[in-house]
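S.K.: Attaching a single structure in structure tokens format; questions to follow.
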Amino acid sequence: MTVDTSSEELRRRAVDTLTRARDRTTLLTSSVEDNDLTAQHSPLMSPLVWDLAHIGNQEEQWLLRTVGGRDAIRPDIDSIYDAFEHPRSERPTLPLLAPAEARAYARDVRDRVIDVIERTPLHGAPLLDAGFAFGMVAQHEQQHDETMLITHQLRRGPAALTAPPPPAGDVTGLPPEILVPAGRFTMGTTAEPWALDNERPAHQRLVPAYYIDTVPVTNGAYLHFVEDGGYAQERWWAPEGWAQIQQHGIKAPLFWRQEGGQWLRRRFGVVEAVPADEPVLHVSWYEADAYARWAGRRLPSEEEWEKAARHDPATGRTLRYPWGDGEPTAEHANLGQRHLQPAPVGSYPKGASPLGVQQLIGDVWEWTSSDFLPYPGFVAFPYREYSEVFFGSEHKVLRGGSFAVDAVACRGTFRNWDLPVRRQIFSGFRTARDV
Ligand code: AVJ
Ligand code: FE
């Protein structure tokens, strides 16, 4: 892949991408009252107003001070908005900027950043090449926008956000699983200009043959596990997962409840019947793992997920996305909070991979069996606290992005990670099996 882009084009792309992120941040922080911005809706999450000022503070540190060489505007608040100094549970007790101050601060930073973009060469240093720092900060803001959307989902009370329903799905004629033949493929990337450090470098993997689900596991399929007593049978569960469901009385995905024999879910303040044909959402890694065992299958590894998504057996090439090298459009995938839910399975045939695997990008983050580990040749860039400090056996990798992920933070190579107990995230899964 050759990327030869003019400085003018790179500047336009940097401004557009940052503007799109800010429009979303504004929507998420202006659709509820100020007391909903300062409240903590769950000990798992920050108050929304912390995310808002943290977005501004990260942008100040990277784009104004580091890239722009400008003096600090608010060095006094760096520590309040340092995610490592203060865990989410204690953030409501900090002397946070009030909503109006936080908005004004983020806007002030952004106004100055636009000036920095106009004056800074977008090449000549790793942080500047292809406008990487601007892409990194836009991805950071969009990641916090997804986090804020999770906070909206956890918030009680009437709906604050609305969106049109996703397209209808059709799986008639689709095989339930697809064979991925044994062989080498190139995993990760070196050329992708805005790929983050943990996606690098590109390297070869030899992957034995396997079968993988054509589409993500649906609510309807997951309900069979629930109704078969899956949550009452220890044999399906990893020991820590069994302990978690006992301790918290977990009997179904988060936000589900049973009423008069019917399964209902709460989704952004609206209670509705669980739709059978939609990918299951809000399950932990342990729930995904238990379902897969009950079904006589297993979770795919991260390399199996990526090979199914990117490998083109006809050419031997590795694609940027399942459908090819072109950027995602509304026809390819359910991304960018265009809809406030995953789309039914079979609704994005144009997003299929060369082998015919569907809905790998968008809809739900897909749990994999893999621990979050560095690729061979990994180099932390530009800061250890993005990825490196999280490597190890504590976190599991999720792939593909959810309906809540913006296209700038979603690629065939993009890696997300979380603790295996987490289920407030927009997580689902598909299963695999050996040949
Ligand atoms: C990559 C989604 C796990 O939200 O903790 C945001 C992204 N890093 N600010 C997170 C991130 C620093 C990160 N995840
Ligand atoms: Fe952050």
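S.K.: Keeping to segment 327-351, report how many residues are open to solvent by 30 Å² or more (accessible area, probe 1.4 Å) and more than 20 Å from the chain's Cα centre (by Cα).
M.R.: 2
S.K.: Which one of the conditions (1) surrounded by 17 or more Cβ atoms within 10 Å (Cβ to Cβ); (2) aliphatic (A, V, I, L, M); (3) out of contact with any helix residue (DSSP H, G or I) (no Cβ under 6 Å at 6 or more places or on another chain) does Ala21 fail to meet, given that it meets all the rest?
M.R.: Status for Ala21: all satisfied but (3).
S.K.: Still on this structure, I have one more. In segment 62-73, is there at least one residue being within 16 Å of ligand 1 (Cβ to nearest atom), closer than 30 Å to Pro121 by Cβ and not β-branched (Val, Ile, Thr)?
M.R.: There is at least one residue in segment 62-73 that is within 16 Å of ligand 1 (Cβ to nearest atom), closer than 30 Å to Pro121 by Cβ and not β-branched (Val, Ile, Thr).
S.K.: State which residue is farthest from Glu366 (Cα to Cα) when the search covers only segment 292-316 and only residues that are of a type in the set (A, V, I, L, M, F, W, C) and part of a helix (DSSP H, G or I).
M.R.: Trp294
S.K.: Of the residues Pro126, Pro175, Pro121, Pro181, only one is away from ligand 1 (no atom under 16 Å from the Cβ), farther than 28 Å from Asp51 by Cβ and outside the structural domain of Ala330 (by TED's automatic domain parsing); which?
M.R.: Going through Pro126, Pro175, Pro121, Pro181 in turn, the sole match is Pro121.
S.K.: Hey, another quick one. For segment 25-39, how many residues are open to solvent by 20 Å² or more (accessible area, probe 1.4 Å) and closer than 22 Å to Arg338 by Cα?
M.R.: Summing the residues that are open to solvent by 20 Å² or more (accessible area, probe 1.4 Å) and closer than 22 Å to Arg338 by Cα in segment 25-39 gives 4.
S.K.: Then there is this: Taking interchain pairs and intrachain pairs at least six residues apart, which have beta carbon atoms under 6 angstrom, with the first residue in segment 34-50 and farther than 18 Å from Asp82 by Cα and the second surrounded by fewer than 21 Cβ atoms within 10 Å (Cβ to Cβ) and of a type in the set (A, V, I, L, M)?
M.R.: His41/Leu154; Ser42/Leu154
S.K.: When the residues of segment 40-78 are filtered to those that are within 14 Å of ligand 2 (Cβ to nearest atom) and not in a helix (DSSP H, G or I), which remaining residue is surrounded by the most Cβ atoms within 10 Å (Cβ to Cβ)?
M.R.: Among them, the one singled out is Ser46.
S.K.: Follow-up question, since we're still on this one. Look at Ser387 and say whether it is within 11 Å of ligand 1 (Cβ to nearest atom), of a type in the set (Ser, Thr, Tyr) and open to solvent by less than 10 Å² (accessible area, probe 1.4 Å).
M.R.: Yes, satisfied.
S.K.: What pairs come up if the first residue lies in segment 263-288 and is of a type in the set (Gly, Ala, Ser), the second is at pLDDT below 95, and their beta carbons are under 6 Å apart, counting only those six or more places apart or on different chains?
M.R.: From segment 263-288, the pairs are Gly269/Pro158; Gly269/Ala159.
S.K.: Starting from residues that are more than 16 Å from ligand 2 (Cβ to nearest atom) and part of a helix (DSSP H, G or I), keep the ones in segment 140-172 and report whichever is nearest to Asp36 (Cα to Cα).
M.R.: His152
The values are calculated or read from the model by the stated rules, or taken from the named source; none is laboratory data. Just so you know, these numbers come straight off a predicted model, no measurement behind them. Cβ: placed from backbone, ideal geometry, glycine included. Neighbour counts: every protein chain shown. The accessibility values were calculated without ligands, DNA or RNA, using every heavy atom of the protein model including side chains. Shrake-Rupley method; radii C 1.70, N 1.55, O 1.52, S 1.80 Å.
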